[in-house]
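The values are calculated or read from the model by the stated rules, or taken from the named source; none is laboratory data. If you're wondering where the values come from, they're calculated on a predicted model, not measured in any experiment. Note that we place each Cβ from the backbone using ideal geometry, even for glycine, and neighbour counts take in every protein chain shown.
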Amino acid sequence: MKSVVWDDTIVALATPPGVSAIGVVRLSGTNAFSIIDQLFPSKKLIDQPSHSLHVGFIHDDGKILDEVVVSIYKSPRSYTGEDLAEISGHGSPYVLQQIIDACIKKGARLAKPGEFTQRAFLNGKMDLTQAEAVADLIASNTASSQKAALHNIRGGFSNQLKELREKLIRFSALIELELDFSQEDVEFADRKQLYELVEEVDKVTTSLINSFQLGNVIRNGISVAIVGKPNAGKSTMLNTLLNEDRAIVSEIPGTTRDTIEEVINIDGILFRLIDTAGIRQHTADVIESVGVKRSLEKMKQADLVLYVFDVNEAVSELKNIRAGLESNKIKFLLVGNKIDGGNEVELKQKFRDVENIVFVSAKNGLHLETLKERMVDLVLEGQVQTESTIVTNARHFHSLQQLHSSLLDVQKGLAEKLPGDLLALDIRRSLHYLGEITGEITNEDQLDYIFSKFCIGK
């Protein structure tokens, strides 16, 4: 991608707003150094080497605003690919705003959300998947989401797609060349090799598409509805998992009237635990009946249901519950609670005909680590977290689906021995969707939408 020359200079606060020890104001564009030289009279920064630090006072029309450290990065060796300066001052929102206002007074304008990264993309410093990964890294709140974002920033996803795209482009060029010699009826592109290549590309594409389910979990977490009859120990389990008294616990059935939601990090995955009102068919309490209705709604919306039951319940009733969950295609775990009240071996023998029960004592915290492991296993479904690419972005997922469809058309065309001009159309379509992901093919509205979700200073 060719470097873009901007005729303006942008400025913004690059650190979170609010009082802090240090705040950073970022300035990027053609006039970045001439603006900073007017505010930093102790040294002519435009003549200083790139990647150097300078201590001094920021002035605005003779008035000292702050003592700062100015970092300078000369084009093209900067984040944006332009001349860029970062002013590290004391973290007073009032002082930092004065510095920003002084930059604007000297000719800069306030940056739009994500405009620094957008300029980095347009200047060829990164492709679109890497730019989006910057936002993902900023938003990461678990080790898994951090790892996935860093993998993409380092170009893992981009390099994989670029390699596939280059191979397709080579074959596309040969087929296009055939069109110029259509009267001679010659073939420059080996159809067998093309078919093998398309199969290879589609295999990678399908793998990436299948990774999106896990990627969505890594990025957004998973909602877990804790359901069951009144007094089964749902609220006690929530409190023990969180290691705090979040929900009110009592011996009175129907104590939990509304859903309570909390977040817990288990092995790098966020689980949004939802403690629901106990489900029972008949209740005279109007408020409790509303809570039960909400519990059923949460159960249908959840990614995973923990059905908590008292191990003193009848086995036949649990079998009916399990059958109902399965018939509704709900992902669930059966959790037998209150094993501290009896013999664990005998209780397990009692429920031997019901598969995959995790037996716990929420009150005493017994076997809750086993429950956590089962929850993670159920979410990952045997997928091992490695350095392989995991798709976490919905835009990438939809483009990959379109790519898969186009590749199937190419395979079908090869099988039916379609002429080169028709094959070329399908290959171009495949290249288009590959280019959409990395940003080789894009439009201004799409870029504005993508970067509008970034922080202003990024």
Ser34 of a type in the set (Ser, Thr, Tyr) and either in a helix (DSSP H, G or I) or within 20 Å of Val95 (Cα to Cα) (or both): yes
Within region 410-441, work out how many residues are in a loop (DSSP other than H, G, I, E, B), farther than 21 Å from Arg191 by Cβ and more than 21 Å from the chain's Cα centre (by Cα). 2
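Go through Phe171, Phe157 for me and flag whichever is buried (at least 17 other Cβ atoms within 10 Å of the Cβ), modelled with pLDDT under 80 and not in a loop (DSSP other than H, G, I, E, B). Walk me through how you get there before you give the answer.
On the way: Phe157 fails: modelled with pLDDT under 80.
Residue meeting the stated conditions: Phe171.
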Of the residues in region 54-95 that are in a loop (DSSP other than H, G, I, E, B) and not hydroxyl-bearing (Ser, Thr, Tyr), the one that is farthest from Ala32 (Cα to Cα) is Gly62
In region 429-446, the residues that are farther than 24 Å from Ile153 by Cβ and surrounded by 15 or more Cβ atoms within 10 Å (Cβ to Cβ): Arg429, Ser430, Leu431, His432
Would region 411-424 turn up any residue that is touching an Asp or Glu at 6+ places or on another chain (Cβ under 7 Å), more than 28 Å from Gln130 (Cβ to Cβ) and at pLDDT 85 or above? no
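Assess whether Leu368 counts as being modelled with pLDDT of 85 or more and outside the structural domain of Val224 (by TED's automatic domain parsing).
On the way: modelled with pLDDT of 85 or more: yes; outside the structural domain of Val224 (by TED's automatic domain parsing): no.
So Leu368 does not fit the description; no.
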For region 114-145, the count of residues that are outside any helix (DSSP H, G or I), crowded, with 18+ Cβ neighbours inside 10 Å and in contact (Cβ under 8 Å) with a residue 40 or more places away in the chain equals 4
When (1) outside any helix (DSSP H, G or I); (2) assigned by TED's automatic domain parsing to the domain that holds Arg170 are applied to Ser405, the one that fails is (1)
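Considering only residues that are surrounded by fewer than 13 Cβ atoms within 10 Å (Cβ to Cβ) and over 13 Å from Lys112 (Cβ atoms), look in region 5-16 and name the one that is modelled with the lowest pLDDT. Give the derivation first.
First, pick out the residues of region 5-16 that are surrounded by fewer than 13 Cβ atoms within 10 Å (Cβ to Cβ): 5, 7-8, 16.
Next, only the ones that are over 13 Å from Lys112 (Cβ atoms) stay: 5, 7, 16.
Details: Val5: 55, Asp7: 77, Pro16: 89.
Only one residue fits best here, namely Val5.
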Breaking point among (1) under 12 Å from Ser28 (Cα atoms); (2) surrounded by fewer than 16 Cβ atoms within 10 Å (Cβ to Cβ); (3) not acidic (Asp, Glu), for Gly81: (2)
Conditions first: (1) at pLDDT 85 or above; (2) surrounded by fewer than 16 Cβ atoms within 10 Å (Cβ to Cβ). Tyr449 passes all but one, so which condition is the exception? (1)
